[in-house]
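The structure under discussion appears below in the form of structure tokens.
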């Protein structure tokens, strides 16, 4: 099976399906609304987030986006891989694609926020080289959040 990662609008059928799955997963993990910082589809569109969907063959199995904050940094948004497709390095491939997009825009730094219960995501980010840091941008201290950054220059 071939794996492709292509830019798509966040309101495409595949993107909406994956974002909905991600949000359902976060709710099931016990994160209260105030600790779920992911953008809605409308906000992804409004904020101009570059959004990508991973397909395994024709099946949409993962997604991720990046919001650029000028030339300072890009924030990784809405990273998700469907559970049946985890362990195939699809998260790493998405991070590669998001970093490539940021580099093309001359952005030297990636940042992200994830939840403390997202053990697989934390392993992915730390294994990729992200380093823990404090809150950034509009984020505030949240005991259920972990913040990361990675230089890609």
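Quick notes
- Kirkwood estimate for the chain, i.e. one over the average of 1/r between Cα atoms, Å: 15.5
- Length-normalised contact order of the chain in % [C-alpha pairs under 8 Å, at least 6 apart]: 20
No lab work stands behind these numbers, since they all come straight from the coordinates. The structure displayed is predicted, hence computed values, not measured ones.
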